[in-house]
Amino acid sequence: MSGSESAPHPPRPLRPATVAVTAGRPPHEPDQPMNVPITMTSTYGATGDLEYGRYGNPTWTAFEDALGALEGGRALAFSSGMAAVTTILDLVGLGSSVIAPRHAYNGSVTALTDAESRGRLKATLVDITDTAAVIAAMEADEDCGLLWLESPTNPALEIADITALSAAAHELGIRVVVDNTFATPLLQQPLSLGADIVVHSATKYIAGHSDVLMGAIVVPADGTDDDVYGALKGRRDLAGAVPGPFEAWLALRGLRTLHVRLERAAANAAELARRLTDHPSVAEVRYPGFGAIVAPVLAGGADAGDFLVRATSLWVHTTSLGGVESTFERRRRWKLEPTTIPEGLVRLSVGIEDVEDLWADLKQALDRISA
Ligand SMILES: *Cc1c(COP(=O)(O)O)cnc(C)c1O
């Protein structure tokens, strides 16, 4: 071979599908494995960078590199989405207040109200779609240290104006977190919209196969937020909120196909949202116009919802979402779900099956409700 020893550089910046497939891979060198191995160890030879299994693991690092590249930041892997959420809340100063969507994921809201009940912080729950009201709430609250956003919200599917709210928060010295679980980094990159911290339940779309619990936090990679990265990693080290190496490997394996899974699931969701709108058993369809969650509100309320989730054969009645399989549940079956979520709201997590089969299964159940 003549000429250069090194391979030509691929065009930059790489597009998201290419990043999902390639980021975090071992270098292309003789005898390097194609994929990062699962490094099962609790400790490392002393005096290196890693030292101990709670501080770092090469399988986590590969996952973090890939997710960080997709979000445009620097990622930290956690044992679950809630481990990531509570790690961020742990960094809120004693007695500060947090403004958050009243319809955020109910685990996040419960973590906030629990911290409030212990006197750790104050929680103010708002309608996240009302940008002016959220800004007014931040202006009125001198102690506000953190604006918690989730967009779309789970399960109401409300959208926050991340750009406007981040700009307003920063003028008031308030830090902005976005739970990006529903949108995924392929449909929304909150750091590029002005947010300071992104949080994920990687259990959902990122891992994508309903077989692993994992979470992640992403902060800007430009060095400006090194203190936040260090503080979050410090909390992770101390709390031990770390994923197992096998979990990190599964989540990374899932992330490699995020773009193809999401493309199919979102196309199915758009079609089902359209057909559901015309069905007489459905009073309203919540669907933000992107992503793969659709929430029909059944005209027959709780009874109709409870009937629907028992009357299908393909759709699986289960909590959680974001897997290749189509699943659903009536959210108000959970006691903690706010009463402002309609009783008849059924959250559909649309999978990657054939949409005609999904619709036939849903339709025969819906038809029996109206009959
Ligand atoms: C599931 C979920 C979480 C919590 O994640 P776990 O991995 O279950 O701990 C947080 N936020 C949103 C939006 C979720 O859907």
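The values are calculated or read from the model by the stated rules, or taken from the named source; none is laboratory data. What you are looking at is a predicted structure, and each value in this text was computed from that prediction instead of being measured. Methodologically, a virtual Cβ is constructed for each residue, glycine included, from the backbone with ideal geometry; neighbour enumeration extends over all protein chains shown. Remember, those area values only see protein heavy atoms, side chains included, never the ligands or the DNA or RNA. Shrake-Rupley method; radii C 1.70, N 1.55, O 1.52, S 1.80 Å.
At a probe radius of 1.4 angstrom, the accessible area of the stretch 16-255 per residue rounds to 40 square angstrom. Computed over neighbours whose Cβ is under 14 Å from that of Pro155, the net charge equals +1, Lys and Arg +1, Asp and Glu -1. Evaluating 6.51 cos²θ - 1.76 cosθ + 1.60 at θ = phi - 60° for every residue in the stretch 21-28, the Karplus couplings come out as 7, 10, 5, x, 7, x, x, 7 Hz, glycine and proline recorded as x. Can you tell me which of Asp141, Asp196, Asp179 moves the most in a GNM of the chain? Springs connect C-alpha atoms under 10 Å apart. Residue with maximal mean-square fluctuation among Asp141, Asp196, Asp179: Asp141. Across all Cα atoms of the stretch 139-197, the radius of gyration (one decimal) and Dmax (whole number) stand at 11.4, 35 Å. Using a probe of 1.4 Å, the accessible surface attributed to Tyr52 totals some 100 Å² when neighbouring protein chains are kept in position.
With R₀ fixed at 56 Å, the C-beta to C-beta distance from Thr43 to Ile159 puts the FRET efficiency at about 0.75. Here's how it looks for Val282: its modeled amide H is under 5 Å from those of Ala299, which are all 5 or more places away or on a different chain. Annotation: the antiparallel percentage among DSSP beta bridges lying fully within the chain is about 55.
The separation of the stretch 275-303 from the stretch 8-48, counted between C-alpha centres, amounts to 42 Å.
Springs join every pair of Cα atoms under 10 Å in this Gaussian network model of the chain, and among Gly56, Gly81, Gly291 the largest mean-square fluctuation is at Gly56.
Computed from the C-alpha gyration tensor, the three semi-axes of the ellipsoid equivalent to the stretch 301-353 are 20, 13, 8 Å, from longest to shortest. Please report the base-10 log of the normalised intensity I(q)/I(0) for the stretch 184-334, using a Debye sum with one equal scatterer per alpha carbon and no solvent, at each q in 0.12, 0.14, 0.18 (1/Å). Normalising to I(0) and taking log10 leaves -0.65, -0.83, -1.15. Excluding Thr184 itself, calculate the net charge of residues whose Cβ lies under 10 Å from the Cβ of Thr184, where each Lys or Arg counts +1 and each Asp or Glu counts -1. Charge balance near Thr184 sits at +1.
Sorting the segments 214-222, 154-162 by their residues' average number of neighbouring beta-carbon atoms within 10 angstrom, most packed first, yields 214-222, 154-162. Using a cut-off of 11 Å between beta-carbons, work out the net charge of the residues near Val218 (Lys and Arg +1, Asp and Glu -1, Val218 not included). Charge balance in the 11 Å sphere: -3. In the frame of its principal axes, the chain has Cα extents of 72, 56, 37 Å, reported largest first. Each peptide in 339-345, 292-298 receives the mean, over its residues, of other Cβ atoms within 10 Å, and ordering these scores from highest gives 292-298, 339-345. Calculated on C-alpha atoms, the gyration radius of the stretch 258-370 divided by its Kirkwood radius gives an Rg/Rh of 0.93. Under a no-solvent Debye model with one identical scatterer per Cα of the stretch 1-115, what's log10 I(q)/I(0) at q = 0.17, 0.20, 0.22 Å⁻¹? Here the Debye-derived log intensity ratios amount to -1.05, -1.18, -1.25. A simple rule links phi to the HN-Hα coupling: the Karplus curve 6.51 cos²θ - 1.76 cosθ + 1.60 with θ = phi - 60°, which for the stretch 141-151 gives 10, 4, 8, 5, x, 8, 9, 9, 10, 9, 7 Hz, with x for Gly and Pro. Scoring 257-270, 231-244, 29-42 by mean Cβ neighbours within 10 Å over their residues and listing the highest first yields 257-270, 231-244, 29-42.
For the chain, the mean residue ellipticity at 222 nm estimated from helices alone is -11000 deg cm²/dmol, where every DSSP H run of n ≥ 4 contributes -39500 (n - 2.57) and the total is divided by all residues, rounded to the nearest 500.
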